[in-house]
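Chemist: Please see the structure below; I have some questions.
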Amino acid sequence: MSSAGPPQAAKAPSGGSAAHEVASVGAILLAEPRGFCAGVDRAIEIVEKALAKFGAPIYVRHEIVHNTYVVNDLKAKGALFIEALDAVPAGATLVFSAHGVSRAVQQEAIDRGFQIFDATCPLVAKVHVEVAKLAREGFEFIMIGHKGHPEVEGTMGQLDGGIHLVEEVADVARIQPGQTDKLAVVTQTTLSVDDAALIAAAIKARFPKVREPKQQDICYATQNRQDAVKLMSRQVDVVIVVGSPTSSNSNRLAELARKLGTPGYMVDSADDLQPKWFDGCSRVGLTAGASAPEILVTQVIARIKALGAVSVQSMAGLPETVKFPLPTGLRMDNTPSGATSS
């Protein structure tokens, strides 16, 4: 789920010289799964249901998800995206973004009397709950994540102190916890699975008694999209990732392709595609970050077809059937409050 902070994937200026356009692409291979995850679906639906029920404007703290198209579409429907709560008038309806917020922001919103709907991804909220529970037991924390990312700020903001951020292996040697008998690791949900594992190993080597999550905090959708890119990269000449520059999970997909030896580029829309990326390419791999809608994938396919692609093939992939329920005040039926999956 993902603000400025994570390193950006390669992204050239939009457009491209028409004189350079070539018809060299033979086929497009579509990653499965790709695009929206359950947390993103839920967050967008919360804003849309709030608009339908209460009317515009609906205030949203931070981008609901990190995608330019999604944010602009919701703006057109009446959503107003803000960072500071003092920009929200008394009595207004406020939605917290999918990335989660700190306890201080939650309390300020309550104190100001807003009608609040929390679109925090349930998998991020699970990390918040774990941090609060272990803190009551006397634990300090090491968080693996990107400084400045709103999810990291929200998770670290669950506590007043005793949580130490590491972004890379070298950071592990620099942190100085107040004690090491009760130390636990948590991670941002949208990290590179492989990079996070290396950092976690370094933490374990320095602090052998550290408590690791029972299940890794990196979410199923991030894992699945990275696994698909690993499979796809071996079969294509270039990987295109649809996602906005602020999207952590999208950036990680393009980075992963490059680490595996396949050129990887991230595009916010079809207009960002550069014909020169496809010179000599017989097969293009295409995927989308968890906050990127399928309409953008469709537009990218059309643009690559204009450059000569003659077929589109989907990979076999892991089906995703997770669905998270809406907050009680926005449900139109008596749907139980638990998440469902099959």
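We did not get these values from a lab; they are worked out from the coordinates using the rules stated. Just so we're clear, the structure is a prediction, and the values are computed from it rather than from any experiment. Cβ coordinates were reconstructed from backbone atoms using ideal geometry, including for glycine residues, and neighbour counts include every protein chain displayed.
Chemist: Where both partners of a DSSP beta bridge lie in the chain, what percent of those bridges are antiparallel, to the nearest 5? Can you show the working numbers first?
Modeler: Working: 1 of 39 bridges.
So the antiparallel bridges in the chain amount to around 5 percent.
Chemist: Given a cut-off of 29 Å, name the pairs among 75/305; 133/209; 133/323; 147/182; 259/305; 230/276 whose C-alpha atoms lie farther apart than that in the structure shown.
Modeler: With Cα atoms farther than 29 Å apart: 75/305.
Chemist: Mind putting a number on the dipole of the chain about its Cα centre? Charges go on the C-beta only, +1 for Lys and Arg and -1 for Asp and Glu, and I need it in Debye to the nearest 20.
Modeler: Taking the Cα centre of the chain as origin, the dipole is about 480 debye.
Chemist: Another question about this same structure. Toward the positive end of the charge dipole of the chain, about the Cα centre and with charges on Cβ (Lys, Arg +1; Asp, Glu -1), which of 80, 192, 228 goes farthest?
Modeler: It is 228, whose Cα lies furthest towards the positive end.
Chemist: Where a ≥ b ≥ c are the square roots of the eigenvalues of the C-alpha gyration tensor, would you call segment 30-154 rounded, which needs a/c under 1.5, or, failing that, prolate if a/b is larger than b/c, or oblate?
Modeler: Judged from the Cα gyration tensor, segment 30-154 comes out oblate (a/c at least 1.5, b/c at or above a/b).
Chemist: Below 13 angstrom from the Cβ of residue 199, what's the summed charge of the other residues (Lys, Arg +1; Asp, Glu -1)?
Modeler: -4
Chemist: Turning to a different aspect of this structure: List 225, 34, 61, 174 from most exposed to least, where exposure is judged by having the fewest other Cβ atoms within 10 Å.
Modeler: Neighbour counts put them in this order, fewest first: 174, 61, 34, 225.
Chemist: Does segment 123-218 come out rounded, prolate or oblate, given a ≥ b ≥ c as the square roots of the eigenvalues of its C-alpha gyration tensor, rounded meaning a/c under 1.5 and, failing that, prolate meaning a/b above b/c? List each step's numbers first, then the result.
Modeler: Details: a/c = 1.35, a/b = 1.03, b/c = 1.31.
Rounded, because the longest to shortest axis ratio a/c is under 1.5.
Chemist: Would you work out if segment 156-197 is rounded, prolate or oblate? Take a ≥ b ≥ c from the square roots of the eigenvalues of the alpha-carbon gyration tensor; rounded if a/c is under 1.5, else prolate when a/b is larger than b/c, oblate otherwise. Spell out each step's value before the answer.
Modeler: On the way: a/c = 2.01, a/b = 1.37, b/c = 1.47.
Since a/c reaches 1.5 but b/c is at least a/b, the shape of segment 156-197 is classed as oblate.
Chemist: Ok, one more. How do 86, 227 line up, fewest other C-beta atoms within 10 Å first?
Modeler: Neighbour counts put them in this order, fewest first: 86, 227.
Chemist: Excluding residue 70 itself, calculate the net charge of residues whose Cβ lies under 14 Å from the Cβ of residue 70, where each Lys or Arg counts +1 and each Asp or Glu counts -1.
Modeler: Taking every Cβ under 14 Å from that of residue 70, the sum is -4.
Chemist: Given H placed on each backbone N at 1.01 Å, which residues far from residue 116 in sequence or on other chains put an amide H within less than 5 Å of it?
Modeler: 94
Chemist: Now for a separate question. Would you grab the residues whose amide H sits under 5 Å from the one on residue 79? Only those 5+ places off in sequence or on another chain, please, with H modelled 1.01 Å from N.
Modeler: For residue 79, the qualifying residues are 58.
Chemist: In addition: Taking the number of other C-beta atoms within 10 Å as the exposure measure, put 314, 248, 102 in order starting with the fewest.
Modeler: Ascending Cβ contact count within 10 Å gives the list 314, 102, 248.
Chemist: Rounded to the nearest 500, what is the 222 nm mean residue ellipticity of the chain from helices alone, with -39500 (n - 2.57) per DSSP H run of 4+ residues and division by all residues?
Modeler: When only DSSP H runs of four or more count, the value is -10500 deg cm²/dmol.
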